[in-house]
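Notes follow once the structure below has been shown.
The values are calculated or read from the model by the stated rules, or taken from the named source; none is laboratory data. What you see is a predicted model; the values in this text were computed from it and never measured. Backbone-built Cβ (ideal geometry, glycine too); neighbour counts: all protein chains shown.
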Amino acid sequence: MDQEIGQPAPIPESREYSVPWSALDNWIGVVLLVLIDTLLLVLVLREVNIQFLQSAGLAIVELAYLLPVVLIFAWRRIHWKHLGFGKFDSITMGLGCGLLIAAYVIVFLHNVILLALGVDTQGDAILKIFAELNSPIWFFLVGVVFAPIVEEIFFRGFLFQGFRQRYGWVPAILISSAIFAAAHLDPIAFIPTFVLGSVLAYVYHRSNSVWPGIILHFLVNAFGLCAAYAATQFPGVIPT
């Protein structure tokens with residue numbers, strides 16, 4: 001029977017978790033991601049200049065996160081449709097928004113603790129970057145458009161699905177979110193990024209679609225970057 005309009009999509013049963021790749025493929029993808037992140041870390045240690053952060057090179061670096069998926073899917077001859085580009089319902093989006101609000105409470109408390117300890121937050125680092133950029137266009141484009149699409153495809157469409165098939169959905173959320181947080185190479189932001197990854201993975205679990213996560217990820221990044229940029233442009237009006 002077709003699902004009635006306005007009714008939430010049911011959580012998929014375990015038999016619907018099947019994907020044409022294995023957990024081993026996932027771990028191979030993680031190893032490839034580590035190699036990519038190692039190269040990025042080398043760039044950071046060499047103090048990549050601001051010119052790079054406001055160039056198209058930043059987009060190329062972000063797109064490199066798709067390389068493990070491209071290689072494994074080509075090797076296994078897997079169609080991209082298995083990553084989850086199907087339809088989703090409005091109820092799932094509403095649930096995701098509600099979970100994001102709860103996540104922001106956790107992030108706020110996390111930042112309060114860091115400030116009490118005299119530790120700079122992730123927001124402080126972004127403010128410093130914006131203060132030095134001559135043009136934020138590429139930084140915005142990559143952070144708001146490229147990152148949500150690329151990261152949701154890799155961490156939720158690929159990693160979460162493969163881990164869910166092997167370990168179950170709860171361990172899959174924890175494992176994929178931990179890898180998602182670690183991949184950002186920022187220990188200070190590990191907890192907030194892990195919480196965000198958990199919300200996005202659960203939304204994927206409810207919908208079996210990558211689109212709700214992309215939309216929510218887009219909103220999170222857009223809000224954060226716009227707020228940070230506004231704070232640098234109106235320092236006397238918006239507190240930092």
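Here are the numbers for this structure:
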item: Long-range neighbours under 8 Å by Cβ, at least six apart or interchain, first residue within 21 Å of Gly29 (Cβ to Cβ) and modelled with pLDDT of 95 or more within region 138-154, second buried (at least 20 other Cβ atoms within 10 Å of the Cβ) and among the small types (Gly, Ala, Ser); result: Pro148/Gly213; Glu152/Gly213; Phe154/Gly29
item: Val150 vs. criteria buried (at least 19 other Cβ atoms within 10 Å of the Cβ), in a helix (DSSP H, G or I), of a type in the set (Val, Ile, Thr) and out of contact with any Asp or Glu (no Cβ under 7 Å at 6 or more places or on another chain); result: no
item: Options His184, His217: the member that is closer than 19 Å to Tyr65 by Cβ and touching a Pro at 6+ places or on another chain (Cβ under 6 Å); result: His217
item: Every pair of residues 6+ apart whose Cβ atoms lie under 9 Å, when the first sits in region 71-100 and is free of Cβ contacts under 8 Å to residues at least 40 places away in the same chain while the second is among the acidic types (Asp, Glu); result: Trp75/Asp25
item: Neighbours by Cβ (under 8 Å, 6+ apart or cross-chain): first from region 116-134, within 18 Å of Ala182 (Cα to Cα); second polar (S, T, N, Q) and not in a loop (DSSP other than H, G, I, E, B); result: Thr121/Asn111; Gly123/Asn111
item: Hits in region 161-182 (condition: β-branched (Val, Ile, Thr) and without any contact (Cβ under 8 Å) to a residue 60 or more places away in the chain); result: Val170, Ile173, Ile175
item: Matching residues in region 174-191 - criterion: being within 18 Å of Ile126 (Cα to Cα), in contact with a Phe, Trp or Tyr (Cβ under 9 Å, 6 or more places away or on another chain) and not aliphatic (A, V, I, L, M); result: His184
item: Residue list for region 61-71, filter: surrounded by 19 or more Cβ atoms within 10 Å (Cβ to Cβ) and either hydrophobic (A, V, I, L, M, F, W, C) or touching a Cys at 6+ places or on another chain (Cβ under 9 Å) (or both); result: Val69
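Yes/no per residue for (1) surrounded by 12 or more Cβ atoms within 10 Å (Cβ to Cβ); (2) of a type outside the set (D, E, K, R):
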residue: Trp75; (1), (2): no, yes
residue: Phe85; (1), (2): yes, yes
residue: Leu95; (1), (2): yes, yes
residue: Ala103; (1), (2): yes, yes
residue: Asp120; (1), (2): yes, no
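Quick grid of which residues meet (1) among the aliphatic types (A, V, I, L, M); (2) over 19 Å from Leu63 (Cα atoms):
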residue	(1), (2)
Leu115	yes, yes
Gly123	no, yes
Leu127	yes, yes
Leu141	yes, no
Glu151	no, no
Arg156	no, no
Ala189	yes, yes
Pro192	no, yes
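Each row is one residue, and each column tells you yes or no for (1) over 20 Å from Ala23 (Cα atoms); (2) over 14 Å from the mean Cα position of the chain (by Cα).
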position: Ala181; (1), (2): no, no
position: Ala189; (1), (2): yes, no
position: Val203; (1), (2): yes, no
position: His217; (1), (2): yes, no
position: Ala222; (1), (2): yes, no
position: Thr232; (1), (2): yes, yes
